[in-house]
Amino acid sequence: IGACVLFGIVVPVASLGTWAWRGLADGRVGFDGLAAAASNTAGAGVITAVAAVLVVLPLATLLVRYRSRSSEAASVAVVGGFAVPGLVIALSLVFWTLNAPLVGRLYQSLPLLVAAYVIHFGSQALGAAEDSVRAVPASLRESSRLLEPSPLRRAVRIDLPLMRPSLVSGGGLVLLSTLKELPATLLLAPTGFRTLATEVWGSYQDGFFAEVGVSGLILVALSAVLTWVLVLRRSDVIRPR
């Protein structure tokens, strides 16, 4: 465990910190572009997390309450999206938008980028979504039908409070993966739309290691905070007592 912590966390963060300190001490690093990149990274991640949860929740409901061959096949397809490299998914979407009629405007747009993220990382929210559906007992659902005839009100007042911890954790996993995704972002992001991952890549290509250090540390800090807030802290909520 000590070796994993040393080489997986301490050494990389120390290297980034050294590069960042040298650049900041010499005044070679500007924060204007990094602030925009951090905002784009967080915004795209949150949108993707919400979209992924909304996409996989109906499938999770089918898998838990109405399991069938078609729902199992759909779950295999969702999991398969995570096994396929992000570069392949991005290239397939580029080919589709450039050759299919009426969808050419989607090329290098934020919706297409979010779609690629959801296809690639949606499976990370599927397990949590299934847990959220199981969190609503069948007896409670039957009783709620007698007390509240409106399905929408039942979902908001009864189902959602019980499902929320697992859904937030699943969305958090998708968000964390989205923050560091590079190939799909490079191919599908709108012109001028830069994230922390693309900032790190571009600075490294140009040999600006000070900017690599600063961008990398911001990405690590953002990931660490979101991991604790959305995943680790929430796991205490849903862990069986």
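Among Ala51, Ala42, Ala3, Ala38, which is more than 21 Å from the chain's Cα centre (by Cα) and aliphatic (A, V, I, L, M)? From the options Ala51, Ala42, Ala3, Ala38, the qualifying one is Ala3. Of the set (1) open to solvent by 40 Å² or more (accessible area, probe 1.4 Å); (2) among the aliphatic types (A, V, I, L, M); (3) farther than 16 Å from Pro161 by Cβ, all apply to Leu113 but (1).
Residue under question is Thr41, and the condition is that it be among the β-branched types (Val, Ile, Thr), at pLDDT 90 or above and over 24 Å from Val136 (Cα atoms); does it hold?
yes
Within segment 139-176, restricting attention to residues that are without any contact (Cβ under 8 Å) to a residue 60 or more places away in the chain and small (Gly, Ala, Ser), the residue that is nearest to Val53 (Cα to Cα) is Ala155. In segment 131-241, counting only helices (runs of 4 or more DSSP H) that sit wholly within it, the ones holding 3 or more residues that are open to solvent by less than 80 Å² (accessible area, probe 1.4 Å) and over 30 Å from Ala25 (Cβ atoms) span 138-147, 160-179, 183-188, 233-238.
The values are calculated or read from the model by the stated rules, or taken from the named source; none is laboratory data. Nothing here was measured: the structure is a model prediction, and the numbers come from that model. Cβ atoms come from the backbone with ideal geometry, glycine included; neighbour counts cover every protein chain shown. Accessible surface areas use protein heavy atoms only, side chains included; no ligands, DNA or RNA. Shrake-Rupley method; radii C 1.70, N 1.55, O 1.52, S 1.80 Å.
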